[in-house]
Structures are given as structure tokens and as C-alpha cells.
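Notes for the one structure printed next.
The values are calculated or read from the model by the stated rules, or taken from the named source; none is laboratory data. Bear in mind the structure is a predicted one, so any value in this text is a computation, not a measurement. Using ideal geometry, Cβ is built from the backbone for each residue, glycine included, and neighbour counts are taken over all protein chains shown. Accessible surface areas use protein heavy atoms only, side chains included; no ligands, DNA or RNA. Shrake-Rupley method; radii C 1.70, N 1.55, O 1.52, S 1.80 Å.
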Amino acid sequence: TRSLAPSGLRMVCGLLAALSFDPLYWLVPVLAVVFALVGTYEVYRMGLAKGVDSSLVLAGVGSLAFVIEGACAPDMFRWTFPSTVLLLLAGAFVVQMVRRGAEGAYHGVPLTFFTSMYVGLPLGLALQIVGGHRLSFLFVLCAIWSTDTAAYYVGKKFGQRHMSPELSPNKTWEGTWGGVAACVLACLVFKAVAPAAA
């Protein structure tokens, strides 16, 4: 489950971006497929732990479809993406109704659909971006990582004023400003090192 945290997904995208430079580019779609299958299974297990039995096979197919589309040309991706979303949603209803009936479908359909959208779609979009704008992709990830890392450690060390105790009790204003400062600094360094990316 930790691998499905936002930071885990960013690490996955970062690895894909790092490997996108020749001669290791052929590993990118292969790893994307592996990450899609592992991530889909983990979300399925999380659902079972909460008593929701989604369709692992259909969610896996949907995740793989997004990854395959992400490896295609941008025009092809834009054409196939809406069809995949509609087919995934319709397929989830049919499969869950057959497997579990109306009551089972009420919980299983959203999780089946969400799994592919949460796991497969970001990987597909990452492949699209990596295929045409590799340095720009790394630039964005660098900004996100520096923000999250600094916000966590600054907030943990100096945080006193909570932003919203009801919604997110661990977020502090000190951590927020620390993250903003780190993001600006990281972006300036990245631009100096790779000006074509920023």
C-alpha cells in the first residue's frame, strides 16, 4: 500500500523518466506494464481488506490498456482514451452484475473503475510526456519532490501553526512555506543545469 502513496507514484514516474534516455528507453514501457499490474493488484487487495470485491481481471486489463495507449503516438492516445474509459465503465457494470448482483456491483463497480484510472492512467500519461518532453517531465518531478520533502521535514522540525486541523492535522504553515522555498530553489538549480527543460 505504501507503493500506492502519492510519493510512491512520483518515484515510479521518476524512474520511467530517468530510464527514458537512450539506450535504456526500451525498459520504460516494460516497467510501466509491471508497475501497472502490481499497482492494480495492490488496490484490489486493499478493497478486499475493506470488504469490497472488485474485478481484478477487468481492472488489470483497463490499466494495461492505458499503458499501451500511453506508449502510442499522441494523436492515437487522444482518439482511444475516451473509448477506453467508456468501455471500462460499461464492462465494470456488466462483470460486477454477473459476479455479485446489484448489491455487489454498487461497491465493486466504482473500485474497478477507479483502480484503472488511478494506476493505469497516470502511467499512460507519464509515457506520453516522457516520449516527447523528457527533461520537462523531470523538471516537474524535481519541483514536486523538493516541495514534499522540504514541507515534511520543515513541518516536522519547526511546525507549530496548523493549516487545517480537521482536514489534515499534520499540515503546518511552516512546512508549507518551507516546501515553497525548496521548490523555488530546486527549480532555479534545475534551470541552471538544464536550461532547455525549464
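Here the gap between TYR25 and CYS72, fully extended at 0.36 nm per residue and compared with their Cα-Cα distance, gives a gain of 15.5 nm. Using the Cβ-Cβ distance between LEU125 and VAL94 with R0 set to 25 Å, the FRET efficiency from 1/(1 + (r/R0)^6) comes to roughly 0.40. Each listed q (0.22, 0.23, 0.33 Å⁻¹) maps to a log10 I(q)/I(0) for the stretch 91-138, found by the Debye formula over equal Cα scatterers with no solvent: -0.70, -0.73, -1.03. Note on THR149 and TRP177: their simple-model spin labels are 2.3 nm apart, each label 7 Å out from Cα toward Cβ. Note on TRP145: accessible area approximately 90 square angstrom, rounded to 10, probe 1.4 Å, nucleic acids and ligands left out.
Evaluated on the stretch 29-165, the Kirkwood hydrodynamic radius is 16.7 Å, with distances taken between all distinct Cα atoms. Annotation for the stretch 104-188: trypsin sites (Lys or Arg not before Pro) lying in DSSP loop with at most 15 further Cβ atoms inside 10 Å of their Cβ are ARG161. Solvent exposure of the stretch 85-160, expressed per residue, is 57 Å² of accessible area, with all protein chains present and a 1.4 angstrom probe. Modelled spin labels at VAL52 and GLU166, positioned 7 Å past Cα toward Cβ, are 2.4 nm from each other. With all protein chains in place and a 1.4 Å probe, the accessible surface of the stretch 102-181 carries 67 percent carbon and sulfur. In this structure, the amide hydrogen of SER55, modeled 1.01 Å from its nitrogen in the peptide plane, lies closer than 5 angstrom to those of THR112, counting only residues at least 5 positions away or on a different chain. Remark: the LEU188-SER83 segment gains 33.7 nm on full extension, using 0.36 nm per residue and subtracting the alpha carbon distance.
Expressed as a whole percent, the accessible area of the stretch 37-95 that falls on carbon and sulfur atoms is 77 (1.4 Å probe). Close amide H contacts of MET163 (hydrogens built in the peptide plane, cut-off under 5 Å, sequence separation of 5 or more or a different chain): LYS171, THR172, TRP173.
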